[in-house]
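The values are calculated or read from the model by the stated rules, or taken from the named source; none is laboratory data. Treat the numbers as computed from the prediction; the structure is a model and nothing was measured. Cβ atoms come from the backbone with ideal geometry, glycine included; neighbour counts cover every protein chain shown. When the accessible area is computed, the model is the full protein with side chains, heavy atoms only, and any ligands, DNA or RNA have been set aside. Shrake-Rupley method; radii C 1.70, N 1.55, O 1.52, S 1.80 Å.
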Amino acid sequence: MSTESIKIAIEGVGCVGGFGCGHTAFVSALQQGYAKAQLEEKVHPDGSAFLPALLADTSRLTDFVARRALRRIDHYARMALLGGYLALEDAGVPSSACEKLGVIVASGYGATTTTINFLDSVIDNGDSYASPTNFSNSVHNVAAAYLSMQLQALGPSLTVSQFELSICAALQSAVCWLEQGRVDKVLIGAVDERNALLNDYCWQRSAASDGANTQIAPFDYRRQSAIAGEGAAFLLLSRRDDNTSCGNTPYGYITGLDSGRCTPAQLAADSTAADVLVLGADGQLATADSYSRLAADLGEVLPLVSCAPCYGSLPTGQAFDLIAAALMLRDQCVYGVAAGSKQLVNSPLRTISALKFAPDGQFGQITLSSQAGVYA
Amino acid sequence: MYPAVCVAGIGCICAAGDTLQQAVDSMLRAERHLGAAPIFATTHAEPYPVFPVKKELSHYAFSSAGMRYMRTANLGLEAAHQAIEQSGIDIEQLRTLKVGVCMGTTVGSSMDVEAFYADYRQGATPDMRPIDCFYNSNPAAVISTYFGFNGPQQTIVNACSSGTDAIGTAAMWLRNGCCDVVLAGGADELCRTTYNGFAALQISSPQPCSPFSAERSGLNLGEGAAVLVLARAEVIKQLALAQPYGYVLGYGSGSDGWHLTAPHPEGRGLQQAVHEAIADCADVSGRGVTLDRLAFVNTHGTGTKDNDRVEGLVLAQLLPKTPFHSTKGYTGHTLGAAGAIEAALTLEFLQRQQIPASAGFNVQDPAIALSPVTSNTSFTGNIALSESLAFGGNNAALILGIAEAS
């Protein structure tokens, strides 16, 4: 992707997940290298078990939204609301000043639990008595809609669903909006929720893990060590024109965005300009081979880290990697679990890439830099 | 203002026809291919009629393991095939370019696996193929992978404005330079979940829909897909293609910030979308576009009380003298595909310099100051507006054009 001379700055970040609420909690987990999973009971005639999960607590949302307004808003949309409000708070943008804000939400699965609840209402009560509330809250753009309503953000709103590559796809549009002047600021983020059907039952059917995992082992490519995660990760992006110096110092700038299909060897050759590569390796066997081959090419060349043990395995995990990269640039410190033997202390950090593979081998790569620059 | 984005080819499949030409021909003959009942089982005492696609789509099977894509993905593939063929671009040549795919959908990204889930609930061990099929059927990914493209993929899930947003987003990608060509559109299938959901919301009509009519009683669901092959002018030249079929001149969107399922009573987001689309425009000769140059408006026009009242209000304020119509009476409401199908129809109507009667309209609604066209209507002009409204308060508008009519 190439642009003209605008800079796309990360003004604020907000996140909630199994690590806790907010970027301070996220940094603590990143420094520790993992977040402690809860055990959720899977109940099914196939066999009951206690399976670990990294779950999000949205209780802090009442700091931003009146409890009454949250009555009909489900956990999925609450996570997105909280992530969005935290990013705005972090950027110092009052929620009353969002009228011209653009909103983009990426999600791999959408509001899965409410979708399942709607199916329950059909199966239990019959076609004629399905739940209208569950149906209207099951649409994919429900999180973006509640963000627009609560913030009175009347600019463009977009929801994107591209499984593992959702946030990369969503950023493509955010960059266009900012570059073409449709908005000056975009609240962009990702949200996915853990669901018993998908994460416990379907995962176990497709790639059984022994249930004894307590942490994701992102660089053990031989076994399924994924732990279901959920949460929301949001960033406030702004357009900073040349010679403009305004507001706070941003976390960094988005300077590269690429996606498609190429071999890990080609990707490795393209990634060496980064000081650190954040891999989306999250213990899923379906993508382990792609990460393994990339790590074989790059492990001795530049530091490779995974942050997934802190937020879990979820399709939109790359959004958390993006926030981790922004925090690394801010703190000039490499966080996460390291792979390979390359020394992690590599200050000053100028450029960090976040790379995610989909099971079909496609990739999405996002590059952040401490200095503004045009896209590569 | 940005240069126009060229439409090199169009594919379209819906209840009105298996191709764009068939669909427009049948509309101009006032045919309404409404099915009395859905193609799936339902226990509603009075079934809601739907607009199904009749063409067999089974030739897009997976080559391995007997797996098939979801019907939504098959519909998208069918439209993409037609669009590429019409563009005249050799597929091998296309693969040498940076080709993005941007598709709108609703059902195509939803885990509507009712039978699987019912078995799971009962403690059975259901066949995993519906889940695998869901994972394999992301519309943008399917089209990109099927044709061997290597550009960005994006499936937009903005409910009923998804197709319009997908085409607008694709136009932005081309202006931005991140692609040489983009296949953009929308696809959606009829399914029990949306059928039961719209019935639960009490906005499905047991009768053929009648957009803007006083006695309208709701929408009829439909299914289908449309895909546009979009490219910048220099790429069209580089590929030595014929004159573009049409142009995407402008795109705008706006949020109501009001209610999850009801439009803002004054159409706040829709007004913003239309104004933004106009401001975004440059016509083929590089001139800006003003509202008075619009030859007609393709409305969202679902036939629900709220949608049509708000759309009528906005049209009365912004375009009181411009003819308008709804095509939902011929296609049904195809949800995430609607905006794309209607963009395709709008371009073909511009080519023919004629729009069909707004099917189902009978009686002027006193709450709506304007009436849609009630017979096939000829016009002069080469620019039109197509608009979409959606759950979540999304509103989107496209300004579409053709070269000056000779």
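Take chain B, mark every one of the chymotrypsin sites (Phe, Trp or Tyr not before Pro) that falls in a DSSP loop and has at most 12 other Cβ within 10 Å, then report the longest stretch left between them, sites excluded.
B:63-406
From the alpha carbon gyration tensor of region B:235-385, can you work out the equivalent ellipsoid semi-axes (sqrt of 5 times each eigenvalue) and give them in Å, largest to smallest? Could you put the intermediate results ahead of the total?
Numbers: eigenvalues 137, 68, 46 Å².
Working from the Cα gyration tensor, I get semi-axes of 26, 18, 15 Å.
Just the accessible area per residue of the protein assembly as shown, please: how many Å² with a 1.4 Å probe? Let's see the in-between values first.
Values: 25460 Å² over 782 residues.
Normalised by residue count, the accessible surface of the protein assembly as shown is 33 Å².
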Checklist entry - Suppose every K and R has +1 on its Cβ and every D and E has -1 on its Cβ; what is the size of the dipole of the protein assembly as shown about the Cα centre, in Debye to the nearest 20? => result 540
Item to check | Under-5 Å amide H pairs with B:Gly303, H placed in peptide plane, nonlocal only | outcome: B:Phe212, B:Asp308
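In region B:5-401, carbon and sulfur make up what percent of the accessible area (probe 1.4 Å)?
Working: 6200 of 12050 Å².
Ligands and nucleic acids excluded, carbon and sulfur give 51 percent.
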Item to check | Sequence-separation-based contact order of region B:5-401, relative, with Cα cut under 8 Å and 6+ spacing, percent | outcome: 23
Item to check | Ratio Rg/Rh, restricted to chain B and using Cα atoms, in which Rh is the Kirkwood radius | outcome: 0.96
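For region A:62-148, count all C-alpha to C-alpha pairs, find those more than 15 Å apart, and express that count as a whole percent of the total. Write down the numbers at each step before the final one.
On the way: 2300 of 3741 pairs.
More than 15 Å apart: 61 percent of the Cα pairs in region A:62-148.
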Checklist entry - In whole Å, how far is the Cα centre of region B:280-325 from that of region B:93-117? => result 29
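Give me the inter-chain shielding for A:175-183: mean count of other chain Cβ atoms within 10 Å, whole number please. Each step should come with its number before you reach the end.
Working: counts 4, 9, 4, 0, 4, 7, 1, 6, 0.
Partner Cβ neighbours, averaged per residue: 4.
With a 1.4 Å probe and all protein chains in place, put A:Glu230, B:Glu234 in order of accessible area, largest first.
Numbers: A:Glu230 10, B:Glu234 105 Å².
Final ranking, largest accessible area leading: B:Glu234, A:Glu230.
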Checklist entry - How would you rank B:340-346, B:161-167, A:148-154, highest first, on the average number of other Cβ atoms within 10 Å across their residues? => result B:161-167, B:340-346, A:148-154
Item to check | Phi-based couplings in Hz for region B:255-267 (Karplus 6.51, -1.76, 1.60; Gly and Pro marked x) | outcome: 9, 6, x, 10, 7, 5, 10, 10, x, 4, x, 9, x
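Which of the DSSP-defined H helices in chain A satisfy a minimum axial length of 15 Å, computed from C-alpha atoms, and a minimum mean Kyte-Doolittle hydropathy of 0.5? Present the calculation step by step, with values, prior to reporting the outcome.
Numbers: long enough: A:75-91 (24 Å, 0.36); A:112-125 (19 Å, 0.16); A:166-179 (20 Å, 1.23); A:285-298 (20 Å, 0.25); A:317-331 (21 Å, 0.83).
Span-like helices in chain A: A:166-179, A:317-331.
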Checklist entry - With θ set to phi - 60° and the Karplus curve 6.51 cos²θ - 1.76 cosθ + 1.60, what are the ³J(HN,Hα) couplings of region B:365-370 in order, to the nearest whole Hz, using x for Gly and Pro? => result 8, x, 7, 10, 6, 10
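Whenever you get a sec, line up A:Leu39, B:Leu201, A:Leu178 from highest to lowest accessible area (probe 1.4 Å, protein heavy atoms). Show your work: numbers first, answer last.
On the way: A:Leu39 115, B:Leu201 40, A:Leu178 0 Å².
From most accessible down to least: A:Leu39, B:Leu201, A:Leu178.
Ignore the peptide's own chain and count Cβ atoms of other chains within 10 Å of each Cβ in B:101-112; give me the average, rounded. If you can, show how the numbers build up before the last one.
Numbers: counts 0, 4, 0, 0, 2, 3, 0, 1, 10, 10, 12, 4.
Mean partner shielding for this stretch: 4.
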Checklist outcome for this item: Ordering B:His33, A:His140 by the accessible surface of their heavy atoms, 1.4 Å probe, largest first, yields B:His33, A:His140
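Between chains A and B, what is the buried accessible area in Å², counting both sides, with a 1.4 Å probe and ligands, DNA and RNA left out, to the nearest 100?
5700
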Next on the checklist: Just want the answer: with Cβ charges of +1 for Lys and Arg and -1 for Asp and Glu, which residue in B:Ser388, B:Ser253, B:Val182 is farthest toward the dipole's positive end in the protein assembly as shown?
Outcome noted: B:Ser253
Checklist entry - Past the 26 Å Cα-Cα mark, which pairs from A:Lys36/A:Lys356; B:Lys98/B:Lys237; A:Lys100/B:Lys305; B:Lys54/B:Lys328; A:Lys356/B:Lys98? => result A:Lys100/B:Lys305
Checklist entry - With helices defined as uninterrupted DSSP H runs, which ones in chain B have an alpha carbon span along their own long axis of at least 15 Å and mean Kyte-Doolittle hydropathy of at least -0.5? => result B:71-87, B:162-176, B:268-279, B:305-318, B:338-352
Item to check | 5 angstrom amide H check on B:Glu223, placed H, neighbours 5+ away | outcome: B:Ala15, B:Phe51, B:Val53
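Given region A:8-369, what percent of its DSSP beta bridges are antiparallel, to the nearest 5? Present the calculation step by step, with values, prior to reporting the outcome.
Working: 43 of 62 bridges.
Taking every DSSP beta bridge within region A:8-369, about 70 percent pair in antiparallel fashion.
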Item to check | Helix-derived mean residue ellipticity, 222 nm - over the protein assembly as shown, DSSP H n ≥ 4, -39500 (n - 2.57), to 500 | outcome: -9500 deg cm²/dmol
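What is the average number of partner chain Cβ atoms found within 10 Å of a Cβ in B:260-271? Working shown, then result.
Numbers: counts 12, 7, 1, 0, 1, 0, 0, 0, 1, 5, 0, 0.
Mean shielding by partner chains, rounded to a whole number: 2.
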